[in-house]
Amino acid sequence: MYFLRPRPSNLVWSSLKSQKFSKNWCRQLSQAQGPLETEDDWTDFQQTRTSLKTLTDAMSQYGSEQTSQWSLRDSLHRPAKDATLSALLASGAHFGHAASRMNPNFLPYAYGTRAGITLIDLDHTLPLLRGAAKVVRAVAANDGQIVFIGTRPDIRPVVQRAAQRLGPQGFHVGDRWLPGTLTNKWQMFGHETVRSKRIIPDLVILLNPIQNMNAIQECALSNVPTIAIVDSNVDPRIVMYPIPANDESPRTAEIIAGVLSIAGREGIAIRETELQRMRLAVDTAWEDFHKMHELQGEHPTEDGRPSNSNTVGFDY
């Protein structure tokens, strides 16, 4: 003898109607009703399925769909063009070191302390990050070479991806900065390499400055501007463009390096657009020059001067 399970209550039916039905909504409905053991159960199931399908078809045009494709490592592969306070907060950029380790010169960038931890004021971080992005954009637009330095294993992929976005103008150091790379370049690279290639970069970006003090000192001696993520235990004056943030958070490094690298890529695009415009202007002027001499019956030579020897020259 078969015993039927009780029908779901009105609350269950209302929740089923309000939710967005996926491809397995029929299976969910059969599970809510219980096993179909009699003909009446099968008839009720068909009627309910038909009514719900009709309701879904009628109301689907008024609904919305979730199209977000965000993933945990999205800031590494597809970084945002501009950072936001919410993104920096979510990445933990406001966490500094212990209050007892705070550098006195970092005080203007400190929001306060909580549970013995220094909190970084992100209202200072965001404008300084945008200012540094303008510097990177300007350097890249003037055909400058930019080096990203991040020597910790967790931020090594970050500097690699950031340098790749800049193409031939981007470089990275992910293992260790060799002392004397800039100050002892003649012995390290050789005279021929130094004379034929550009060894001194135009901008250096550091994601962990404390572990790369040798690089900062060499940049200062070589007059190379520097941008760095500065934590609460670091003196902001060691670099030219400090960005106060948590330098131990890989997600914070991804956001900052992503914003700076995209700014550099925009600078490269600006330069390419300007070069293309200049080439077009030169080609147009050259064509107009040829047309003018063709109308005058003269044929200019390869150097651009008319071939007519009777042309009168003016002595200014």
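Taken together, the values in this text are just the output of simple stated rules run on the coordinates, not laboratory data. Quick caveat: nothing in here was measured; it's all calculated off a predicted structure. All Cβ positions, even for glycine, are placed from backbone atoms using ideal geometry, and neighbour counts span all protein chains on display.
Indicate the gyration tensor shape class of the range 137-182 (rounded, prolate or oblate), computed on the Cα atoms with a ≥ b ≥ c the square roots of the eigenvalues: a/c under 1.5 is rounded; otherwise a/b larger than b/c is prolate and the rest oblate.
oblate
I need the peptides 200-212, 131-143 ranked by packing, meaning the mean over residues of other C-beta atoms within 10 angstrom, with the highest value on top.
Result, highest mean first: 200-212, 131-143.
Could you give the length gained on full extension between A99 and S51, defined as 0.36 nm per residue of separation minus the Cα-Cα distance, in nm?
Gain on stretching A99 to S51: 10.9 nm.
Please state the shape class of the range 93-189: rounded when a/c is under 1.5, otherwise prolate if a/b exceeds b/c and oblate if not, all from the C-alpha gyration tensor.
prolate
Does the range 184-270 classify as rounded, prolate or oblate by the C-alpha gyration tensor (a ≥ b ≥ c root eigenvalues; a/c under 1.5 gives rounded; else a/b over b/c gives prolate, otherwise oblate)?
On the way: a/c = 2.46, a/b = 1.42, b/c = 1.73.
Note, shape of the range 184-270 comes out oblate.
Quote to one decimal, in nm, the extra length available between N184 and L89 on full extension: 0.36 nm per residue of separation minus the C-alpha distance between them.
So the extension gain works out to 30.1 nm.
So how far apart, in nm, are the two label points at Y62 and R277 if each is 7 Å from Cα heading toward Cβ?
Once both label points are built, they end up 5.1 nm from each other.
Which peptide among 264-273, 113-122 comes first, and what is the full order, when sorted by highest mean count of other Cβ atoms within 10 Å?
On the way: 264-273: 17.7, 113-122: 15.6.
Result, highest mean first: 264-273, 113-122.
Amide H to amide H, which residues 5 or more places from D121 or on other chains are under 5 Å from it, using H placed in the peptide plane?
Excluding prolines and chain starts, which carry no amide H, the hits are A110, Y111.
Name the aspartates and glutamates eligible as straight-distance cross-link partners of K81: C-alpha to C-alpha under 16 Å, and not fewer than 8 places from it in the same chain.
E254, E266
Determine, from the Cβ-Cβ distance of T284 and R198 and an R0 of 41 Å, the FRET efficiency 1/(1 + (r/R0)^6), rounded to the nearest 0.05.
0.80
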